[in-house]
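Colleague: A single structure is presented below for examination.
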Amino acid sequence: MSRPLEGIRVVELGTFVSAPYCGKLFAGYGAEVIKVEPPGGDIARAHGPFPGNKPDPEASALFLYLNTGKRSVVLDPRDPGQREALLRLVETADVLVENYRPADLRALGLDYATLSARNRRLVMVSITPFGQTGPYADFRGNNLVAFAMGGQMYITGTLEGGPLKNGGYQADYQGGLNAFSAGMLALLAAERDGTGQHVDISVQRCMAPILEASIPYYCYLGQWNGIRRGNHMASFIGIYPCADGHIGIHLMPRNWKPFLDVIGRPDLAEDPRFATQADRVAHNDELMAELYAWAATETKHDLYRRAGAGRAPVAFVHTMADLLESPQLNARGFLQRIDHPVAGEAVYPGPPWWMGPGDWDTGRAPLLGEHTEEVLGGLPR
């Protein structure tokens, strides 16, 4: 069975997270992705962790994850001869994915006008902090900047401690995910019209639409109506430490009595302080104290089993070990083992969505410049 994007050639001219994640999705679903790296390699190669804590550009966990299934070509576009080789490579591509600063790309002579003159069907997907136009277009930025300036940080955290960043490089991954989706739409349009287009992905703009209803609320009311609540929206909706980790509960009025039966506290159903949801809100601190004391005695896996049987909305915060052992993820084949000639064998997360058997390639990440001669030697002269 062929994979969905077989026959598509993608040139990836990007580093670190956003463009490589977009390229990873193209490669996983069957496209030939040629990763063009500078002579020193993608900067992600310098980011750990590394096996045995020994830095090695061929064994960065971040690089290996982001670049599965790709081919690596080393080219320096500042060199005229190598720039011409890159242009000839772009002539053979359906898609170019890049995350350069717009001014830097123009200085290299790799702007969309130049590239589309060599390949009129080319879809060029550019991922930048702020987009190709506007007063911030040539500003440098990173994941933290995008998370802050996209509004996500403002609604995350606590009243006491202030705004917080989410874990990992979530803004950059959102940029890559949106770039893949938009790139696929542009590919469909190119197939229909015979001409490509320049897809402009601003990571700030990717973050701003996923603020739930914060912007409309502000427009309606003239102020933000939310509260940074940290781990607790209320005593009955929040995260509690337990004996071996953390558990989360989300109790609606209909769940109150089943929950109390699961935790062995049916007496609280008769407590007038907690009789209704309004009463529970009015006595939030007292109920929170009860739940903190209860949760401290529980173990997460045992509680999760009991809660499922009793139809109580309780889950536990998964650690990395929990994810690897997850019966659900393992049953669906999400976790995949990939061997690498330098880093060795490791478990990798699979694709974000499932399209059927054989839809995703589990090929390893390339060594630096591993395919330079093969790819460039096959270009038309």
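FYI, it's all coordinate maths here, none of it is from the lab. Every value quoted in this text rests on a predicted model; they were computed, and no experiment measured them. Cβ placement follows ideal geometry from the backbone for every residue including glycine, while neighbour counts extend to all protein chains displayed.
Colleague: Quick check: the distance between the Cα centres of the stretch 326-381 and the stretch 134-187, to the nearest angstrom?
Modeller: Distance between centres, Cα-based: 26 Å.
Colleague: How high is the relative contact order of the stretch 53-208, in percent, counting Cα pairs under 8 Å that sit 6 or more residues apart?
Modeller: Dividing the mean separation by the residue count of the stretch 53-208 yields 25 percent.
Colleague: On to the next question. Let's test the formula: R0 of 45 Å, r as the Cβ-Cβ distance of A275 and A61. What FRET efficiency results, to the nearest 0.05?
Modeller: Approximately 0.30, to the nearest 0.05.
Colleague: Roughly speaking, what is the stretch gain from E374 to I155, that is 0.36 nm per residue apart minus the C-alpha to C-alpha distance, in nm to one decimal?
Modeller: This chain segment gains 73.9 nm when fully extended.
Colleague: Ok, one more. Please give the calculated 222 nm ellipticity per residue for the chain, where each DSSP H segment of at least 4 residues contributes -39500 (n - 2.57) and the sum is spread over every residue; nearest 500 deg cm²/dmol?
Modeller: Computed ellipticity for the chain at 222 nm equals -10500 deg cm²/dmol.
Colleague: With everything on Cα atoms, drop me the angle between helix 300-310 and the longest principal axis of the chain, reported from 0 to 90° to the nearest 10.
Modeller: Taking the Cα atoms of the chain, the angle to 300-310 is about 70 degrees.
Colleague: With axes computed from alpha carbons, what is the tilt in degrees of helix 170-193 against the longest principal axis of the chain, rounded to the nearest 10 within 0 to 90?
Modeller: Compared with the principal axis, the helix lies near 50 degrees.
Colleague: Given springs between every Cα pair under 10 Å in a Gaussian network model of the chain, which of T158, T276, T362 has the largest fluctuation?
Modeller: Fluctuation is largest for T276.
Colleague: What whole number of Å gives the distance from the Cα centroid of the stretch 17-33 to the Cα centroid of the stretch 194-235?
Modeller: That distance is 26 Å.
Colleague: Additional query: Quick one: length gained pulling A113 to T319 fully straight, 0.36 nm per residue minus the C-alpha distance?
Modeller: 69.4 nm
Colleague: Under the 0.36 nm per residue contour assumption, what length would be gained going from the current alpha-carbon distance of R337 and M252 to full extension?
Modeller: 26.6 nm
Colleague: Suppose each label sits 7 Å from its Cα in the direction of the beta carbon; what would the A208-R381 distance come out to in nanometres?
Modeller: 5.1
Colleague: Pick from C242, C219, C22: which residue has the top mean-square fluctuation in a GNM of the chain where Cα pairs under 10 Å get a spring?
Modeller: C219
Colleague: Highest first, please rank the peptides 171-178, 147-154, 339-346 by the mean number of other Cβ atoms sitting within 10 Å of their residues.
Modeller: Taking the mean over residues of other Cβ atoms within 10 Å, the ranking is 171-178, 147-154, 339-346.
Colleague: OK, next. Find the percent of Cα-Cα distances in the stretch 233-358 that exceed 24 Å, and round it to a whole number.
Modeller: Counting every Cα pair in the stretch 233-358, those more than 24 Å apart make up 42 percent.
Colleague: Next question, about the same structure. In the chain, if the dipole is taken from +1 on Lys/Arg beta carbons and -1 on Asp/Glu beta carbons about the Cα centre, which of I263, V125, N99 is farthest to the positive end?
Modeller: The Cα lying farthest towards the positive end belongs to V125.
Colleague: Springs between alpha-carbon pairs under 10 angstrom, Gaussian network model over the chain: which of K257, K24, K35 fluctuates most?
Modeller: Checking each option, the largest mean-square fluctuation is seen for K257.
Colleague: When you count, for each residue, the other Cβ atoms within 10 Å and take the mean per peptide, how do 122-135, 282-295 rank with the highest first?
Modeller: 122-135, 282-295
Colleague: For the stretch 232-324, what is the relative contact order in percent, using Cα pairs closer than 8 Å and at least 6 residues apart in sequence?
Modeller: 40
Colleague: Right, another one. Gap in Å between the Cα centre of the stretch 42-121 and the Cα centre of the stretch 285-321?
Modeller: Taking the Cα centre of the stretch 42-121 as reference, the centre of the stretch 285-321 is 47 Å away.
Colleague: In nm, give the distance between the simple-model label positions of R192 and R106, each being 7 Å from the Cα along the Cα-to-Cβ direction.
Modeller: Between R192 and R106, the label points sit 3.1 nm apart.
Colleague: Helix 80-91 versus the longest principal axis of the chain: what angle, 0 to 90°, nearest 10, using Cα atoms?
Modeller: 70
Colleague: Just want to confirm a number: the relative contact order over the chain, from Cα pairs under 8 angstrom separated by 6+ residues, in percent.
Modeller: Relative contact order, the chain: 19 percent.
Colleague: Set the Förster radius R0 to 45 Å, insert the Cβ-Cβ distance between K54 and A293 as r into 1/(1 + (r/R0)^6), and round the FRET efficiency to 0.05.
Modeller: 0.45
Colleague: Report, ordered by chain and residue number, the lysines lying within cross-link reach of K257, taken as a straight Cα distance under 28 Å and ignoring same-chain residues fewer than 8 apart.
Modeller: Once the sequence-local lysines are set aside, what remains near K257 is K300.
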